[in-house]
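The values are calculated or read from the model by the stated rules, or taken from the named source; none is laboratory data. Note that this is a predicted model, so its numbers are computed, not measured. Positions of Cβ are generated from backbone atoms using ideal geometry, with glycine treated the same way; all protein chains shown enter the neighbour counts.
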Amino acid sequence: MSSGRIPRPAAVAVAVSGMLAVATDCGSAGTPPPEPRPLVSDAVPPGFPSGTPATLAPADNALTEARAQLGRRLFFDAQLSRTGDVACATCHLADRAFSDPNRVSTGVEQRTGTRNAPALVNLAWGVSFFWDGRVATLEEQAGKPIEHPAEMDLPLADAVTRIAADVRYRAAFDDAYGGPPREETLRKAIASFVRVLVSADSAYDRHLRGDDSAFGGPEQRGETVFLSEKAGCFHCHPGGMLTNEGFFNNGLYVDGGDTGRQMVTGRTGDLGKFKVPGLRNVAASAPYMHDGSLATLEDVLDHYERGGSGHVATDPAIAPLALTSDERDDLLAFLRALTDNAFLTDPRWTPPQP
Ligand code: HEC
Ligand code: HEC
């Protein structure tokens, strides 16, 4: 058991240095730090696909600042694990776009899972969650890792008892949901925080808004390759959100292993299918795929250029590619232009001050 695994100290350091930088810019050391930006914004980020709904939350969990701030506190709180040393943020690191740099994550008592912790980016617009899409709402999702024996291993009822023992939490729940902590409102608050993890300021996003200052020749040619039949990426990762939210078998392994979506639906046709991830900040969220088996973006391109590894149920859209080395370089430049540094270093992705 090592409490040092909780990335809290590093996260706080980022927040503090961010504030110092602002104070220096203002040139007056005595000025109090500026009001932190609120977590909640009503607007759909400019440049997102037209028709993207602004209503991000279900009717029974409308998104409010109090709810998101409460969820933020919970996301970083290791009390939600049986052993008191694993928080959501242990496996979902902000500077990795809330993914885990390890191939699989380590939960309580060094227990390991079998899947890679995905980036948590723009999930407000997601339609199903987990690599196999087994839950339909972020509210339902939020309870799963708390109870999962290899993750936080704490019955939700016990989590509520712990939280309710803290007077600040009681006040925050009352403020956010008009009552004491309950299992349902615990899950709702956490979902509210996950919903505000919006990334919309990569060079690609600015390009979508008509500003190409950081989206030059290689990135533009890379986007063209990405959207071409020659590479075929757009079939599953269409422009805009860079996911069609569907389940596909991209031929990752030959046979055996994780059956993916089939475990959820029981259908033969779903063998080895996984949810198509959106790709914003993908350069920060290595390793890749549901099993974390591809270490770098170069490995991902090798995989697609080979046409996968030959899984019997590989999707017909996955076939050997004949990219020139220039096209490959441009495609990489495009994938790297999906990095939103403001998101990766956002001082709001830290525990709120008490
Ligand atoms: C021990 C590591 C670990 C902890 C702790 C953990 N997660 Fe995860 N998380 C994962 C893994 C691994 C997956 C993928 C599991 C799967 O798909 O079956 C995942 C998936 C998710 C997803 C689905 C993302 C998507 O694109 O579908 C969300 C949302 C999420 N976690 C949020 C949370 C929240 C909120 C907490 C805290 C309550 C949390 N996680 C705690 C490892 C962890
Ligand atoms: C037939 C659908 C399909 C096509 C075509 C496709 N992908 Fe994917 N992509 C997926 C699926 C499904 C996953 C997740 C697979 C898994 O986890 O096992 C994925 C995962 C990825 C990942 C890893 C993301 C992460 O967070 O782990 C990257 C990067 C990626 N694709 C890029 C591309 C590029 C570049 C192309 C074009 C050369 C492409 N994809 C073509 C379906 C597709």
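In table form, for the structure just shown:
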{"read-out": "Subset tally (residues that are part of a strand (DSSP E or B) and without any contact (Cβ under 8 Å) to a residue 60 or more places away in the chain) for region 98-128", "value": "1"}
{"read-out": "Matching option when the condition is away from ligand 1 (no atom under 16 Å from the Cβ), surrounded by fewer than 17 Cβ atoms within 10 Å (Cβ to Cβ) and closer than 24 Å to Tyr204 by Cα, among Asp299, Asp340, Asp330", "value": "Asp299"}
{"read-out": "Hits in region 233-253 (condition: closer than 16 Å to Tyr304 by Cα and either of a type in the set (D, E, K, R) or crowded, with 19+ Cβ neighbours inside 10 Å (or both))", "value": "Cys233, Cys236, His237, Phe248, Asn249, Asn250, Gly251, Leu252"}
{"read-out": "Verdict on Glu219 being crowded, with 18+ Cβ neighbours inside 10 Å, of a type in the set (Asp, Glu) and touching a residue at least 40 places away in the same chain (Cβ under 8 Å)", "value": "yes"}
{"read-out": "Close pairs from region 267-283: first assigned by TED's automatic domain parsing to the domain that holds Leu301, partner within 15 Å of ligand 1 (Cβ to nearest atom) and part of a helix (DSSP H, G or I), Cβ under 6 Å, at least 6 apart", "value": "Asp270/Gln262; Leu271/Gln262"}
{"read-out": "So Phe76, is it modelled with pLDDT of 95 or more, away from ligand 2 (no atom under 16 Å from the Cβ) and buried (at least 22 other Cβ atoms within 10 Å of the Cβ)", "value": "yes"}
{"read-out": "Selection status of Glu151, more than 21 Å from Pro351 (Cα to Cα) and more than 13 Å from the chain's Cα centre (by Cα)", "value": "no"}
{"read-out": "Qualifying helices (runs of 4 or more DSSP H) (wholly inside region 274-354; at least 1 residues being in contact with a Gly (Cβ under 9 Å, 6 or more places away or on another chain) and under 30 Å from Arg37 (Cβ atoms))", "value": "325-336"}
{"read-out": "Residue selected from region 234-248 under the condition touching a Leu at 6+ places or on another chain (Cβ under 7 Å) and in a loop (DSSP other than H, G, I, E, B), by the criterion farthest from ligand 2 (Cβ to nearest atom)", "value": "Gly239"}
{"read-out": "Considering residues of region 209-233 that are in contact with a helix residue (DSSP H, G or I) (Cβ under 6 Å, 6 or more places away or on another chain) and either outside any loop (DSSP other than H, G, I, E, B) or outside the structural domain of Ser325 (by TED's automatic domain parsing) (or both) only, the residue nearest to ligand 1 (Cβ to nearest atom)", "value": "Cys233"}
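Results for (1) away from ligand 2 (no atom under 16 Å from the Cβ); (2) surrounded by fewer than 19 Cβ atoms within 10 Å (Cβ to Cβ); (3) modelled with pLDDT under 95, shown as yes or no for each residue.
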site: Gly84; (1), (2), (3): yes, yes, no
site: Ala87; (1), (2), (3): yes, no, no
site: His92; (1), (2), (3): no, no, no
site: Phe98; (1), (2), (3): no, no, no
site: Pro101; (1), (2), (3): no, yes, no
site: Arg111; (1), (2), (3): yes, yes, no
site: Ala117; (1), (2), (3): no, no, no
site: Leu120; (1), (2), (3): no, no, no
site: Glu139; (1), (2), (3): yes, no, no
